[in-house]
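The block underneath contains the structure these notes are about, expressed in structure tokens.
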Amino acid sequence: MSAVTDILVIANRNVIKIRRVPEVLIFVLLSPIMFVLLFAYVFGNSIDIQGSSYREFLIAGIFAQTVMFGGTFTGAGIAEDMQKGIIDRFRSLPMSRSAVLTGRTLSDVIYNVMSVVIMSLTGLLVGWRIRGSILDALAGYLLLLVFAYAISWIMAYLALLVPSPEVINNASFMVIFPLTFVANTFVPAESLPGPLKTFAEWNPVSSVTQASRELFGNIPPGTPEPTAWPLQNATLYTLIWVVVIIGIFAPLAIRRYAQPR
Amino acid sequence: MTPSNEPPPAIRARGLRKTYGEVVALDGLDLDVPDGTVLALLGPNGAGKTTAVSILTTLLSADGGEGTVAGVDVLAEPGRVRERIGLSGQFAAVDEVLTGRENLQMIGRLYGMTRRAARRRATELLERFSLTEAGDRPVKGYSGGMRRRLDLAGALVAEPPVLFLDEPTTGLDPRSRNELWGVIRELVADGTTLLLTTQYLEEADQLADDIVVIDKGRAIARGTADDLKASLGRSRVEVVLADSAEADAVAAVLAAHGAADAEVDIGPERRRLSVQVDDGVAALSGVLGELRATDIELRDVGLRRPTLDDVFLTLTGSATEPTDTPEVAA
């Protein structure tokens, strides 16, 4: 019971910070807008997607990319708290050993909700539409947020390993860029050369993208079925990754936090 | 262990060891802080002070040795130790974005207080630390002294019986330092056991019942402030001349009043001369009396009390790393 209170107290602290540091919020909101507009207008005319408009194809990819980046807020927040000694203060208190990280990852869901909303609005402006049922679309949003939550735990663990907030930013970009680009986010996986294609097919960023496209009804009829199992069962495959990531990284991060060094 | 009727010390450490790769941070440190007393851990940067505090407050594991705080084993039951301690670190660990009041309420809630109790306690502490007016402003706008006071208040939220303060005044201006000393004295008067680390002999002198001087992870001296000063550093009589040509004459006067085994330090510019003395007041008035009889022009005369550097010189034969140790003016 007290663990729940501790989590809520920590989450509440982070929410107050979200409200009072609008600079972060502006970045959270502007970067998806920028990506939608850049890709839609810069690549939109030169990338040809069979049977579909590129913008329709693109938005789910940007959703996936943005929730990956959402994890960096978790990493940056924890790294900053470490640097300022606040983590040490928490560690010296008789509070739940998992509350600081759980409270942080939960409050960061707010960032992801906000950026998903902004992305959807921007998408609507450039011609993207939800063409499936509302329930499917809600399931699509939920899947994106759950995936984002899992990524937050990876970043939380990385943040506890590195010495400073600057390092965590660079480190997470090194992970995020290959994962989001060697995927079916911005081009179809089938168009990639040999090994990259295989990587893209098994990349969870591809499956979350594919699942969103399906759930938002953005795959036009007549599009050939993907050949790889992860993309044929995109939602299931994504959920497996979510469970595996949280199952590995949450205990690792909490142990790292709790252990005296 | 022999059973005894005396209550166990509030803080007890035996043979604490910690190494970071090749660097030995603690090399078998023993500490005893009886209930309701103040111990100052005095030493230069890198002596192992923060490491010792971190181990006793469960933040760091020891490579060897044992520690108990309020009768609880630090290594075996860290959770129970955390219920009994307050820690205020070297860097003011308060959230800059939150207000002072929000910081204290948050800490209260994390100690398991109800919302109402945490709110009441925050108000009390803001009042006690003269932060009531600033209490509802974000900490970002606080001065260094205000942050330290808030950080200290944070350590006191749950009225812990044992308090650890790691260099509470490092980097503060003299006025804020004096204010904080006043607050710490009040705390101690209420019976809180305190382990304090500091680089300043004067701070240890002002606040502590007992002092342990540490260097390179080991205790190199322990005792009361008076013991240490009597045995480790002697006061110096210092004279600053207007004209360096008179250095030799003045040196002779100083030598006559200095301690039997002391040498007069003439200084590189031959204008600032000093000598260690046994009885500061007698030596100073003796020197002044003799110099007044001559027409030697003096810029300054004073009795300089031993600094951490003097103590270290006496103890180790080597000076401390250059630090911002304040000179104790006479």
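Under DSSP H, which helices of chain A have Cα atoms covering 15 Å or more of the helix axis and a Kyte-Doolittle average no less than 1.0? Length and hydropathy pass: A:22-38, A:99-125, A:134-161, A:165-181, A:234-258. Between B:Val240 and B:Ser61, the contour length at 0.36 nm per residue exceeds the Cα-Cα span by 59.4 nm. Here the Gaussian network model covers chain B, with springs between Cα atoms less than 10 Å apart; of B:Pro34, B:Pro138, B:Pro168, B:Pro138 fluctuates the most. With all protein chains kept in place, the per residue accessible area of the stretch A:2-257 amounts to 42 square angstrom at a probe of 1.4 angstrom.
Per 0.36 nm of contour for each residue apart, how much would the distance between B:Ala255 and B:Gln206 grow if the chain were fully extended, relative to their Cα-Cα spacing?
14.5 nm
Residues of the stretch B:97-116 whose accessible area (probe 1.4 Å, heavy atoms of protein chains only) drops by at least 10 Å² once all protein chains are present, relative to their chain alone: B:Val97, B:Leu98, B:Glu102, B:Met106, B:Ile107, B:Arg109, B:Leu110, B:Tyr111. I'd like the FRET efficiency for B:Arg185 and A:Arg131, computed as 1/(1 + (r/R0)^6) with the beta carbon distance as r and R0 of 60 Å, rounded to 0.05. Taking R0 as 60 Å, the efficiency between B:Arg185 and A:Arg131 is 0.25. Average accessible surface for the stretch B:44-84: 36 Å² per residue, computed with a 1.4 Å probe over protein heavy atoms with every protein chain in place.
Remark: spin-label model distance B:Glu159-A:Val175 equals 4.5 nm, labels positioned 7 Å along the Cα→Cβ axis.
In the stretch A:230-261, burial by the other protein chains removes 10 Å² or more of accessible area from A:Pro260, A:Arg261, compared with the chain on its own (1.4 Å probe, ligands and nucleic acids ignored).
As I understand it, the value is the acute angle between the Cα axis of helix B:115-128 and the longest principal axis of the Cα atoms of chain B; what does it come to in degrees, rounded to 10? Once rounded, the angle reads 20 degrees.
A 1.4 Å probe run over the stretch B:205-314, with the rest of the protein chains in place, finds 51 Å² accessible per residue.
Translational diffusion coefficient of chain B at 20 °C, 1.002 mPa s, Stokes-Einstein with Kirkwood Rh over Cα pairs, in µm²/s as a whole number. Translational D for this selection: 98 µm²/s. Rounded to 0.05, the FRET efficiency of the A:Thr227 and A:Ser2 pair, given R0 = 35 Å and the Cβ-Cβ distance, is 0.10.
Computed with a 1.4 angstrom probe on protein heavy atoms, the A-B interface buries about 2300 square angstrom of accessible area in total. P(r) tail for the stretch A:2-257: Cα pairs beyond 32 Å make up 23% of the total. The angle between the Cα long axis of helix B:144-156 and the main principal axis of chain B comes to about 50°, on a 0 to 90 degree scale.
For the protein assembly as shown, a crude dipole built from +1 on the beta carbon of Lys and Arg and -1 on the beta carbon of Asp and Glu, taken about the Cα centre, is about 2860 debye to the nearest 20. Across peptide B:74-82, the mean count of Cβ atoms from other chains lying within 10 Å of each residue's own Cβ comes to 2.
Residues considered: B:Asp243, B:Asp27, B:Asp136. Largest GNM mean-square fluctuation over chain B, using C-alpha springs under 10 Å, is found at B:Asp243.
Distance between the 7 Å Cα→Cβ label points at A:Arg261 and B:Asp73: 2.6 nm. With all pairs of separate Cα atoms included, the stretch A:42-104 yields a Kirkwood hydrodynamic radius of 15.0 Å. Can you tell me which of A:Glu56, A:Glu201, A:Glu23 moves the most in a GNM of chain A? Springs connect C-alpha atoms under 10 Å apart. Judging by the Gaussian network model, the answer is A:Glu23. The label-point distance for B:Tyr20 and A:Ile248, in a model that sets each label 7 Å from Cα toward Cβ, rounds to 3.0 nm. Pairing the Cα long axis of helix B:100-110 with the longest principal axis of chain B, what angle in degrees results, from 0 to 90 and rounded to the nearest 10? The angle comes out near 60 degrees.
Mean partner shielding of peptide A:89-101, defined as the number of other chain Cβ atoms within 10 Å of each residue Cβ, is 6.
Within the accessible surface of the protein assembly as shown, defined with a 1.4 Å probe on protein heavy atoms only, the carbon and sulfur portion equals 57 percent. Placing unit charges on each Cβ (+1 for Lys and Arg, -1 for Asp and Glu) gives the stretch A:2-257 a dipole about its Cα centre, and among A:Leu192, A:Ala234, A:Gly44 the Cα reaching farthest toward its positive end belongs to A:Ala234. Based on every Cα atom in the protein assembly as shown, Rg and the maximum pairwise Cα distance Dmax equal 31.9, 113 Å.
When only the Cβ of Lys, Arg, Asp and Glu is charged (+1, +1, -1, -1), the dipole of the stretch B:154-292 relative to its Cα centre reaches about 200 debye.
Using the Cα centre of chain A as the reference point, and only Cβ charges (+1 on K/R, -1 on D/E), how large is the resulting charge dipole? Debye, rounded to the nearest 20. Before the final figure, lay out the partial values.
Details: 17 positive and 14 negative charges, 175 e Å.
With only Lys, Arg, Asp and Glu charged at Cβ, the dipole is about 840 debye.
The values are calculated or read from the model by the stated rules, or taken from the named source; none is laboratory data. This structure is a prediction, so every number in the text was calculated from the model and none was measured. Note that we place each Cβ from the backbone using ideal geometry, even for glycine, and neighbour counts take in every protein chain shown. What goes into the accessible areas is simple: the full protein's heavy atoms, side chains included, and nothing from ligands, DNA or RNA. Shrake-Rupley method; radii C 1.70, N 1.55, O 1.52, S 1.80 Å.
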